[in-house]
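No value in this document is a laboratory result; all are computed from the given coordinates. The structure presented is a predicted model; accordingly, all values stated were derived computationally and were not measured. Note: ideal-geometry Cβ built from the backbone for every residue, glycine included; neighbour counts use all protein chains shown.
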Amino acid sequence: MAAFNFRPMMWPIAAAAILATVGIAQPPSPPPDRWWKPDEGRRFPAVLDYENDYGVLRTLLIGGPIETRDHAFFRAIGPDGRACVTCHQPADGMSLSAASVQHQWQAVGPRDPLFAAYDGSNCPSLPQQDRASHSLLIDHGLIRIARPWPPLDQNRKPVKADFTIEVVRDPTGCNLDPQWGIDSARHQISVFRRPRPVANFKYIEAMGFAYDPKAGMPLPVDPDTGKPVSGNLMADGRVLSLQSQMREAAGTHLQFMKAMDRKDIAQILDFESRLYVAQQTDRVGGALEADGAEGGPRKLADSPAGRLGSQGVAIWSEFAAWEKPAAIVKDGSAQTAFRQSVARGARLFRDRTFLITDSAGITSPVGFGNPVRNGCAFCHNMSQMGMDVAPGQVDLGTTNQPFADPAPHLPLFRIRCLGKPHPHYGKMILTSDPGYALTTGRCADVGRITLQTLRGLSARAPYFSNGSARDLRGIIDYYDRRYDIRYTEQEKQDMVNLLKSL
Amino acid sequence: MKFLAVLGLLATASGAATTGAELRFLSCPVYRDTDAGKKSGCWLATDPASGIRYDITTAPTKADWNRAVLVEGRVAANPADNPCGGVVLEAARVSVLDRPCTRHMLPAEGFPGRKFVLPDRNVRPLYASHDLPPKPWVAQNFIIPFDFDSDFITYQLSDYYLDRAVSYALDVRASRVDIMAYAATKPTLVSGERLAEDRAIARSRAERVRDWFTMRGIPLQVVHIRWQDAKVPRPGPETDMLVAPSLRVVDIRITPGA
């Protein structure tokens, strides 16, 4: 995993951005840390840059800066002293990197509200002073997500599931815990997931088509508004709107049992809808929007959302200009080589095909075929964003055996399908996170996880919902194994350089 | 007849494929790993009656190499067109069945496969411009085809027709939507087996289609569903004039509002 280093350059960048927007007014003292604590009262500038392992990540707040004092996203609400920003950090692409967690543990220890017992530890019943009780968060960047069993539908009515779930292995103790486990009065299943980036929502909420071809149905309808929604929120699609996500976050992560008031909700929605995050500069390749390229968040903010790359602006054509030799001859060989590599990576992402097998959501029930020859851009098909234009619940195998990487630190569940067998796994499935099936109650959905945004990746290792890819190379290696792609070493490097630049 | 038999022999080793004949058979599909870019792989299935290997790739529903398929279609006219190494079935329909098959993949063996082109029957994106139908608005009928024993709305086939129906209902502010769903419950002999759809599938089809209307904003009280066993085949463009698939449809009648 990338080491967390405090490079001398880092503060000047963040501070410069803050100063630039504050102007000559009373400059805030330079933040003591890149970590945003609840209730700090910093100003969130219109342009906020943070350095990471590969360069600089930029966050744009369209429409100008906000004061975070008393702002619902930044205010500590609930008894644990946490705020939304605790887990959605600007320097981490509005997600949370494991490196930042490690830094907080070293600097502050269990008193930091990040490590609150409810979901910032492996289980609330564990001794909270011990590092071991927070190992999933510290070592893998994972938050405990407690899901009701049986699942509840959008109107909070129990869903009749077509499978049973049993605990095979419970390293955190939480699934068999008398107070927190499946058989406790709470009837909850604990899975462990990465925070998803809170930014670029124009894309995440965009509806490209009126239908979800994976389900053969119209888009899901938000019960609060009666209107269709994109169906692309949360790993398991359990909430359909940012409003209901807030209600759930307040009740779980923040342990805040009072409903958030309308002003708070409006304030958070306003903030979320104005934020764009992407890598802006690469340490080797330089500015990602230089010489005709269109990397960085500005292009994201300015483009129409929810378009299919295959029918419009090809995905990662942001870097097409770097394919032309004229654009890249300038600054010496390392920069040139990097830019060419990124452009090749973008091509590979679109054009390099392989056989996609046994990946529910793609190879069943929709009739693309099993197998189907296609590439990264088949699933990651949205221009500028790389998520799925349709509701993106797909089983990549990141949580299901036999495809998942060994994960002795995670719980393991045994799923038995009561009705029809699963189209690819049969009657019994071993999984560390049933994903979408915890929302639908269908065994055919076990392990289907909603695709994330691919922007700002450099700032938020580890990857995949369960953190199973330690770094960007880990993602490429996983796909290479999973679909037997057989990338050459050069191709892997090109793909990694592309991902770094998003 | 002799001419046709020669065509068949040209295309495959054994048996004769009769051009234009409507075929129906059960088979275990084989995937041929051709590579002409995305979605260019080939699906082949052998008719157990004749031993002829057909190219079923153009069916809207592609096969699953672990499961048996019901294949329906017509033998294509042009024997020279052989991108996959099988006698091409046109208007092909593939229904994936709940029966295990041996997974098998053939290498390309020199066959090019087909480069993907967006089929004509594709749903337009929401951001594409859309004109209201010219007045006077009249009642219109729509037919939605289904795979065998399935209520799944087939991508780039059924969704296209159903989207047209739903869009029309929205455009003309339908005062009434009548949905009549059918199931092909009368057993027919296919590859030596008596094959019939489950009667309950007609109702599931009716309910699915109803949900499409209501989820897109047509009030529930406007939508009326019924279902029954199919009696007479009505081949039409939705089923590419095939007889057997025309028994597995949903009829929709949309009456415009004021």
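Once both axes come from the Cα atoms, what is the angle between helix B:200-215 and the longest principal axis of chain B, in degrees from 0 to 90, rounded to 10?
For B:200-215 against chain B, the angle is about 50 degrees.
Which of A:P197, A:M234, A:P38 sits closest to the plus end of the dipole of the protein assembly as shown, meaning its Cα is farthest towards the positive end, when Lys and Arg get +1 and Asp and Glu get -1 on the C-beta?
Most positive-ward Cα: A:M234.
In straight Cα distance, which lysines are under 27 Å from A:K492, not counting same-chain residues fewer than 8 positions off?
A:K299, A:K324, A:K330, A:K500, B:K38, B:K39, B:K115
Other chains near B:214-224: what is the mean number of their Cβ atoms within 10 Å of each residue's Cβ?
Counting Cβ atoms of other protein chains within 10 Å of each residue's Cβ and averaging gives 2.
Under the rule a/c < 1.5 gives rounded, and otherwise a/b versus b/c splits prolate from oblate, where does the protein assembly as shown land using the Cα gyration tensor? Working shown, then result.
Numbers: a/c = 1.81, a/b = 1.59, b/c = 1.14.
Verdict is prolate for the protein assembly as shown.
Among B:G192, B:A63, B:I225, pick out the residue whose Cα is farthest towards the positive end of the charge dipole of chain B, where Lys and Arg carry +1 and Asp and Glu carry -1 on C-beta, about the Cα centre.
Checking the options against the dipole of chain B, the answer is B:I225.
Once you charge only the Cβ atoms, +1 for Lys and Arg and -1 for Asp and Glu, what is the size of the charge dipole of the range B:140-255 about its Cα centre, to the nearest 20 debye?
440 debye
Which of the three applies to chain B, rounded, prolate or oblate, going by the alpha-carbon gyration tensor with a ≥ b ≥ c and a/c under 1.5 meaning rounded?
prolate
How many nm is it between the label spots at A:Q154 and A:A334, if each spot is 7 Å from the Cα in line with the beta carbon?
Computed distance between label sites A:Q154 and A:A334 equals 5.2 nm.
Under 16 Å from a point placed 7 Å out from the Cα of A:R416 along the Cα-to-Cβ direction: which residues of the range A:154-188 have their backbone N that close?
Output list for this probe position: A:161-169.
If you place +1 on the Cβ of every Lys and Arg, -1 on the Cβ of every Asp and Glu, and leave all else neutral, what size is the dipole of the range A:110-169 about its Cα centre, to the nearest 20 Debye?
The calculation lands at about 180 debye.
Under a point-charge model restricted to the Cβ atoms of Lys and Arg (+1) and Asp and Glu (-1), what is the dipole moment magnitude of the protein assembly as shown relative to its Cα centre, in debye to the nearest 20?
Numbers: 90 positive and 81 negative charges, 166 e Å.
Roughly 800 debye for the protein assembly as shown.
Tell me what chain B gives for mean residue ellipticity at 222 nm when only DSSP H runs of n ≥ 4 count, each as -39,500 (n - 2.57), the sum divided by the residue total, rounded to 500 deg cm²/dmol.
My calculation for chain B gives -5000 deg cm²/dmol from helical runs alone.
Please go through the range A:39-83 and write out the trypsin sites (Lys or Arg not before Pro) that DSSP classes as loop and that have at most 14 other C-beta atoms within 10 Å.
When the trypsin sites (Lys or Arg not before Pro) of the range A:39-83 are filtered for loop state and at most 14 Cβ neighbours within 10 Å, A:R69 remain.
Which angle between 0 and 90 degrees, to the nearest 10, do you get for helix B:158-171 versus the longest principal axis of chain B when only C-alpha atoms count?
Between the helix axis and the principal axis of chain B, the angle is about 20 degrees.
Tell me whether the range A:238-381 comes out rounded, prolate or oblate; compute the Cα gyration tensor, take square roots of the eigenvalues as a ≥ b ≥ c, and use a/c under 1.5 as the rounded threshold.
It is oblate, given that a/c is not under 1.5 and a/b is not larger than b/c.
Quick one: check the C-alpha center-to-center distance for the range A:338-360 versus the range B:156-180, whole angstrom.
If we compute the Cα centre of each part, the gap is 38 Å.
Averaged over its residues, how many other protein chain Cβ atoms are within 10 Å of peptide B:121-128's Cβ atoms?
Mean shielding by partner chains, rounded to a whole number: 5.
No partner Cβ under 4.7 angstrom, meaning no disulfide-compatible partner by this rule: which Cys of the protein assembly as shown qualify?
Within the protein assembly as shown, the cysteines lacking a partner Cβ under 4.7 Å are A:C84, A:C87, A:C376, A:C379.
As a check on your grasp of the helix formula, calculate [θ] at 222 nm for chain A: sum -39500 (n - 2.57) over DSSP H runs of n ≥ 4, divide by the residue count, round to the nearest 500. Spell out each step's value before the answer.
Values: 14 runs with 120 residues, N = 502.
Helix contribution divided over all residues of chain A: -6500 deg cm²/dmol.
Considering the dipole of the protein assembly as shown built from charges on the beta carbon (Lys and Arg +1, Asp and Glu -1) around the Cα centre, which of B:A77, A:Y483, A:T86 is farthest to its positive end?
Farthest towards the positive pole: B:A77.
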